[in-house]
Amino acid sequence: TSGRNYSLKYFFMQPSLIYQPTTTFRVTLDGKYSEKSNSTQFGGEQANLYELGSTFKYNQAEKGSLQGGFKTVKIDYNGSQNSALGFEMLEALRPGINYTWNIGYQRSISKNLQLSIQYNGRKSENTRTIHSGGMEVRAFF
(Lines give C-alpha, C1' and ligand atoms only; values in the text may rest on other atoms or scores of the structure.)
Protein backbone atom coordinates (compact mmCIF):
# COMPACT_ATOMS: atom_id res chain seq x y z
CA THR A 1 0.00 0.00 0.00
CA SER A 2 1.07 3.60 -0.51
CA GLY A 3 1.06 4.28 3.26
CA ARG A 4 4.02 1.95 3.67
CA ASN A 5 6.15 3.26 0.80
CA TYR A 6 8.82 5.53 2.23
CA SER A 7 12.56 6.12 2.24
CA LEU A 8 14.06 7.44 5.47
CA LYS A 9 17.20 9.53 5.66
CA TYR A 10 18.60 9.45 9.17
CA PHE A 11 21.35 11.35 10.98
CA PHE A 12 22.24 11.23 14.68
CA MET A 13 24.88 12.27 17.21
CA GLN A 14 25.07 10.42 20.52
CA PRO A 15 27.57 11.64 23.14
CA SER A 16 27.88 9.72 26.40
CA LEU A 17 29.69 10.34 29.67
CA ILE A 18 30.40 7.21 31.74
CA TYR A 19 31.56 7.16 35.37
CA GLN A 20 32.62 3.81 36.84
CA PRO A 21 34.22 4.27 40.27
CA THR A 22 34.36 0.51 40.95
CA THR A 23 33.91 -2.73 39.05
CA THR A 24 30.47 -3.11 40.64
CA PHE A 25 28.89 0.29 39.88
CA ARG A 26 28.51 2.38 36.71
CA VAL A 27 26.46 5.48 35.90
CA THR A 28 26.09 7.21 32.54
CA LEU A 29 24.80 10.54 31.26
CA ASP A 30 23.63 10.23 27.67
CA GLY A 31 22.46 12.64 25.01
CA LYS A 32 21.25 12.11 21.47
CA TYR A 33 20.18 14.35 18.62
CA SER A 34 18.43 12.76 15.62
CA GLU A 35 17.12 14.06 12.30
CA LYS A 36 14.87 11.87 10.18
CA SER A 37 13.21 12.73 6.87
CA ASN A 38 11.06 10.86 4.38
CA SER A 39 12.55 11.38 0.92
CA THR A 40 9.83 9.79 -1.26
CA GLN A 41 8.03 11.89 -3.88
CA PHE A 42 4.87 12.12 -1.70
CA GLY A 43 6.91 12.57 1.50
CA GLY A 44 8.11 15.62 3.29
CA GLU A 45 7.71 14.27 6.80
CA GLN A 46 10.50 15.31 9.12
CA ALA A 47 11.28 14.51 12.75
CA ASN A 48 13.87 16.03 15.08
CA LEU A 49 14.48 14.20 18.36
CA TYR A 50 16.40 15.62 21.32
CA GLU A 51 17.18 13.10 24.10
CA LEU A 52 18.81 13.44 27.51
CA GLY A 53 19.03 10.57 29.95
CA SER A 54 20.92 8.67 32.58
CA THR A 55 21.45 5.00 33.38
CA PHE A 56 22.99 3.04 36.22
CA LYS A 57 24.11 -0.54 36.79
CA TYR A 58 25.08 -2.24 40.03
CA ASN A 59 26.58 -5.76 39.98
CA GLN A 60 26.99 -8.27 42.78
CA ALA A 61 29.61 -10.85 41.83
CA GLU A 62 28.10 -14.29 41.13
CA LYS A 63 24.69 -13.15 42.39
CA GLY A 64 22.99 -10.60 40.15
CA SER A 65 22.64 -7.05 38.94
CA LEU A 66 20.31 -4.08 39.25
CA GLN A 67 20.04 -1.62 36.37
CA GLY A 68 17.81 1.27 35.46
CA GLY A 69 17.47 4.49 33.56
CA PHE A 70 15.48 7.62 32.88
CA LYS A 71 15.22 9.57 29.62
CA THR A 72 13.54 12.77 28.43
CA VAL A 73 12.80 12.99 24.70
CA LYS A 74 11.55 16.13 22.92
CA ILE A 75 10.18 15.45 19.44
CA ASP A 76 9.29 17.91 16.68
CA TYR A 77 7.33 16.13 13.91
CA ASN A 78 5.27 17.42 10.97
CA GLY A 79 3.60 14.20 9.76
CA SER A 80 0.81 11.85 10.75
CA GLN A 81 1.42 10.06 14.06
CA ASN A 82 -0.98 7.20 13.28
CA SER A 83 0.88 5.56 10.39
CA ALA A 84 3.67 3.05 9.93
CA LEU A 85 6.01 5.90 8.96
CA GLY A 86 4.97 7.98 11.98
CA PHE A 87 5.57 5.04 14.31
CA GLU A 88 9.07 4.55 12.88
CA MET A 89 10.04 8.21 12.89
CA LEU A 90 8.69 8.83 16.41
CA GLU A 91 10.23 5.62 17.83
CA ALA A 92 6.81 4.67 19.31
CA LEU A 93 6.57 8.00 21.20
CA ARG A 94 4.54 11.19 20.54
CA PRO A 95 5.45 14.69 19.37
CA GLY A 96 6.26 17.01 22.27
CA ILE A 97 7.89 16.04 25.57
CA ASN A 98 8.16 12.32 26.43
CA TYR A 99 9.59 10.56 29.48
CA THR A 100 10.73 6.94 29.61
CA TRP A 101 12.14 4.97 32.53
CA ASN A 102 13.06 1.40 33.33
CA ILE A 103 14.45 -0.76 36.09
CA GLY A 104 15.52 -4.38 35.96
CA TYR A 105 16.89 -6.95 38.34
CA GLN A 106 18.66 -10.14 37.37
CA ARG A 107 19.78 -12.76 39.85
CA SER A 108 21.23 -16.25 39.80
CA ILE A 109 18.99 -18.40 41.99
CA SER A 110 21.24 -21.43 41.75
CA LYS A 111 23.99 -22.68 39.46
CA ASN A 112 21.47 -23.51 36.72
CA LEU A 113 18.63 -21.01 37.35
CA GLN A 114 18.44 -17.30 36.64
CA LEU A 115 15.58 -14.89 37.49
CA SER A 116 14.99 -11.62 35.60
CA ILE A 117 12.42 -8.95 36.53
CA GLN A 118 11.87 -5.92 34.28
CA TYR A 119 9.68 -2.79 34.57
CA ASN A 120 9.27 -0.09 31.90
CA GLY A 121 7.24 3.11 31.92
CA ARG A 122 6.61 5.98 29.56
CA LYS A 123 4.64 9.20 29.56
CA SER A 124 3.90 11.50 26.61
CA GLU A 125 2.14 14.85 26.58
CA ASN A 126 -1.67 14.58 26.85
CA THR A 127 -1.61 10.79 27.26
CA ARG A 128 -1.87 8.41 30.19
CA THR A 129 1.24 6.87 31.69
CA ILE A 130 1.98 3.41 30.31
CA HIS A 131 3.47 0.77 32.60
CA SER A 132 4.71 -2.64 31.52
CA GLY A 133 6.73 -5.36 33.15
CA GLY A 134 7.78 -8.92 32.96
CA MET A 135 9.47 -11.75 34.76
CA GLU A 136 11.51 -14.57 33.33
CA VAL A 137 13.13 -17.68 34.80
CA ARG A 138 15.87 -19.36 32.76
CA ALA A 139 17.18 -22.85 33.26
CA PHE A 140 20.64 -23.73 31.95
CA PHE A 141 21.26 -27.37 31.00
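The values are calculated or read from the model by the stated rules, or taken from the named source; none is laboratory data. Owing to the predicted nature of the structure, the values given are computational and were not obtained by experimental measurement. Don't worry about glycine lacking a Cβ; one is built from the backbone with ideal geometry, like all the others, and counts go over all protein chains shown. What goes into the accessible areas is simple: the full protein's heavy atoms, side chains included, and nothing from ligands, DNA or RNA. Shrake-Rupley method; radii C 1.70, N 1.55, O 1.52, S 1.80 Å.
What to note about this one:
- Per-selection Rg to Rh, the range 27-141 - Cα, Kirkwood hydrodynamic radius: 1.11
- Each of the peptides 62-74, 88-100, 9-21 was scored by the mean count of other Cβ atoms within 10 Å over its residues; in descending order, highest first, they stand as 88-100, 62-74, 9-21.
- Positive-end extreme of charge dipole, the range 5-113 - chosen from 24, 56, 14 (charges on Cβ): 24
- Neighbourhood net charge (15 Å Cβ-Cβ; Lys/Arg +1, Asp/Glu -1) for residue 111: +2
- P(r) histogram, all alpha-carbon pairs of the range 10-54 included - 10 Å bins from 0, percent: 24, 33, 22, 13, 7, 1
- In the context of the full set of protein chains, the chain has a per residue accessible area of 69 Å² (1.4 Å probe).
- The chain, helix-only ellipticity at 222 nm - DSSP H runs n ≥ 4, -39,500 (n - 2.57), divided by all residues, nearest 500: -1000 deg cm²/dmol
- Above-threshold pairs, the threshold being 19 Å between Cα atoms, out of 71/123; 74/123; 57/123; 63/111; 36/123; 9/32: 57/123; 36/123
- Kirkwood Rh, angstrom, the range 1-82 [1 / mean 1/r, Cα pairs]: 15.5
- Dipole magnitude of the chain about its Cα centre (Cβ charges: Lys, Arg +1; Asp, Glu -1), debye to nearest 20: 420
- Among 113, 85, 49, residue whose mean-square fluctuation peaks in a GNM of the chain (springs only between Cα atoms under 10 Å): 113
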